[in-house]
Structures are given as C-alpha cells and as structure tokens.
1. Can you divide the C-alpha Rg of the range 144-213 by 2.2 N^0.38 Å and report the result to two decimal places?
2. Straight distance only, please: which lysines reach the Cα of LYS166 with their own Cα at less than 19 Å, same-chain residues fewer than 8 apart left out?
3. Sorted by mean Cβ packing within 10 Å, highest first, what order do the peptides 139-150, 111-122, 160-171 take?
4. In what sequence do ASP353, ASP401 fall when counting other Cβ within 10 Å, fewest first?
5. Rg (Å, one decimal) plus Dmax (Å, integer) for the alpha carbons of the range 1-99?
6. Within the range 43-279, what percent of beta bridges assigned by DSSP are antiparallel, to the nearest 5?
7. When THR242, THR372 are ordered from fewest to most other Cβ atoms inside 10 Å of their Cβ, what list results?
8. If I take all pairs of Cα atoms in the range 66-156, what percentage of them are more than 22 Å from each other?
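Values in this text are rule-based calculations from the coordinates and carry no lab data. Keep in mind the model is a prediction, meaning the values are calculated, not measured. We place every Cβ from the backbone using ideal geometry, glycine too, and count neighbours over all the protein chains shown.
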Amino acid sequence: MDYEHIQNQDKEVFDAIEGEELREMEGLELIPSENYVSRAVREANGSVFTNKYSEGYPGKRYYGGQTYTDIVETIAIERAKKLFDAKFANVQTLGGANANIAMYFALLEPGDTVLGMDLSHGGHLTHGHPVTYLTKIFRFVRYKMKDPNTGEIDYDEMREVARREKPKIVLAGFSAYPRELEYAKFADIAHEVGAYAIMDIAHIAGLIAGKAVKSPFEFGFDVMTSTTHKTLRGPRGGLILTRENEEIAKKIDKTVFPGLQGGPHMNNIAAKAVAFGEALSPSFKTYAAQILKNAKAMEKVFLDNNIRLLTGGTSNHLLLADVFGSLGISGQEAETLLDRVGITLNKNSIADDTRKPMDPSGIRFGTPAITTRNFTEKESARVAELMVEAMKSKADETKLDAIREEIRELCKRFPVPESFV
C-alpha cells in the first residue's frame, strides 16, 4: 500500500510498518491463527469509516449521519448469515475473546457453570482458564482428550460431568486441537442437561465457510462465536452467529451494546463485509480445501521423520508437534530457531506437558497463510522438510543460512496476492 503520508509525517512508525511488510514478504507465516488479507480488506480497514461513531445497530443509532454505516453493517450481517447458514449475526464484537465474553454474559448469570475444553488439551484461555477474570464470575469445569495420541475426546466422561455439574453451556471449540469434534455428541449432551450447545469456531471459521469441514449448526448447535481473521482471512475482529433463536440473538445484541462495548469500529466492520464477500466467492472453497491438503502434506513429513504429532496428525489446518520428546529441542528454542530461518510459528504446550508454558515441549503450526500464497502439497511438504532440517541442525550455521536462503526464494516464487477474487 501507499504509505507516503506516514513516511513524511512519522518516520518511526513508518520504519516499523516497512519492517513488518518486509518480514511478511520474505518469511513464511505458519502460525495457524494468522493469515494475509487482501488489499481490498486493508483499504476498507483504513477507510474514512474510522472517523464515525455509530453506537447502536442499523436503523437504531444514537448519533446522526448513519446512512452509510447502516449500509455497510447490514452488508456484513447479511453476508455472515449467508456464509454460515445463520438467521442472526452480530458483527460488532472487537475480537474472538470479546465474542466469547459477550456470549457468556448474554446467556449466563453469575455463578452459572460452563463445560469447556481444558487449555492443556487444546482449549482457549476464554474457555475457562484460571488466569482469566471470567473464572471470578462463572464456574468452569473441563473435559479432556481420552488419548492425546489419537485426539479422541472422552465423551462418556463428558456426559457424566455434565449430568453431575449441570452446566448452562456446553462449549466446543479449541485453540490447539488438530482434529474435528463429534458435534452430534456435544449437542446431545448439552440438550440432555438443558444447556446451550455453543461452538467457538474461531480457528476453523474459514474451513466451515468454505465447506471443507462440517458446521456445528448442522447438528443443532445454538450459537457459534468466532474471530474474523485466521482461516476466514478477514480483519482482526469478532463475530457471533445464532442459528435460529431470535430471543438468544436479541440477548447477544443487547450484551454487546450497550452491555460491554460502546461505538463499534465501523472501519473494521467494512473490512469484515469485504472479507465475507471474498469468502462467498467460488474460489474460497478451493482455498479452504487446499488448506487441509497442505496440512496433510506437512503431517506426512513429520511422521516420516518420527516426530510425534499430538492426536496422531491433523484433520484441520493445524498441527501440534512434540519436538522436545522427539528431537530434544524445547518449543521456545524451536520457535526462535525457525524464526531465524524465516519460518514463523509458536511454541505450544502439549497435553499434560511437564515443561513450563513459556518454554513448553511443543510447537503449533498450520497452513492458512502459506495456502493464501498459493502453496500446494509440494511446497508445503518442502517447508516441513526444512523445518525438520533446521531443528536437527540447530548448531550448524552454514546449514541454517542455506535454509534461510531457500525460504527467501520460495517467498519470491509465491508472493502474497493482493486480490483473492
């Protein structure tokens, strides 16, 4: 994009932007919760809508001058509903965590119970980790994998916990779980105990929108919360979808505004509308399918090198590798080493990890961003090979330099596209 005005006005900020642009251009992004957005999304996010206060909802605002804000928010809502086969959508939440918080406050009273996935087995902080303030207000109980080597959830234990603890919400969803969940079992357990069936689809929203994986709504889930970035390839923001219950949707809208937020970020909502439009295009289905193919290609390389993958592999866009147990390199060491050769991913705890969270046993990586760069199975497998080579050659500076140069060449061959439609 053109940064002429920033360059002339604020050299320090311009240098940081230019540095980040070069980093993204010359390196590979494997963090599964990150992606590249189109130029159209970036232009909408930097548009004049950033000037406008629009407290309320389309047709019911607290300020004047809302002709075009109402138009763009309505476009975003209608496109989100179409993408996910939902009757109601709130596009004002500022992020995925905000979406979960709003959902809790809309559907629960203080002290109510939520049954969610344990963080150490793939869940998210907002699913009830003790470090969050949510646990001071609501009560969280957790379920885990029966076997981390297969990823199988212990649904029998989950049912027993639900019957005993009587949660108001049974929460599916994850941050570091490489498999598909059995949505029918979640919905059955939730409805048996009179709970809402909720899915946090933040990581797989794009895969659902692109019809590459199943939607929880097909199995009777009541609400889905999400981010709008990650696999959905939009601006950083949040989204709450209600399948069909208008009463639930009204509670959610009222909780988002005025309950938790003031004026929505209309520039961000405009960018969401653009991204949802891109996700409705036929090419997005091809993209979503390729994400899965690329992840399987990376899976094969790691397994062929006898590197343990949690859950035995992947059925979605992400992989979780036990590099400490397999290669004797910690997650933090691997993250730093791979960053040095131009591969960005994140350290990650594995199930029942004996190491500390800031220096865990695992790494988490995925294929949404490299698929945006038009990588296929061939290039994805090569990246996996280079990752393994780097971790096995951590003390060989000559080898690491050669890997860094190969990554640069790959990036030149597969630049980030400016348009996806």
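1. Values: Rg = 12.6 Å, N = 70, 2.2 N^0.38 = 11.1 Å.
In units of the globular-protein estimate, the range 144-213 measures up at 1.14.
2. Answer for LYS166, where 19 Å is the Cα cut-off: LYS136, LYS144, LYS185, listed by chain and number.
3. For the peptides 139-150, 111-122, 160-171, the packing ranking is 111-122, 160-171, 139-150.
4. Working: ASP353 17, ASP401 12.
Going from least to most buried by this count: ASP401, ASP353.
5. Radius of gyration, then largest Cα-Cα span, for the range 1-99: 17.3, 47 Å.
6. Numbers: 12 of 27 bridges.
Roughly 45 percent of the beta bridges in the range 43-279 run antiparallel, per DSSP.
7. Details: THR242 25, THR372 22.
Lowest to highest Cβ neighbour count: THR372, THR242.
8. 47 percent
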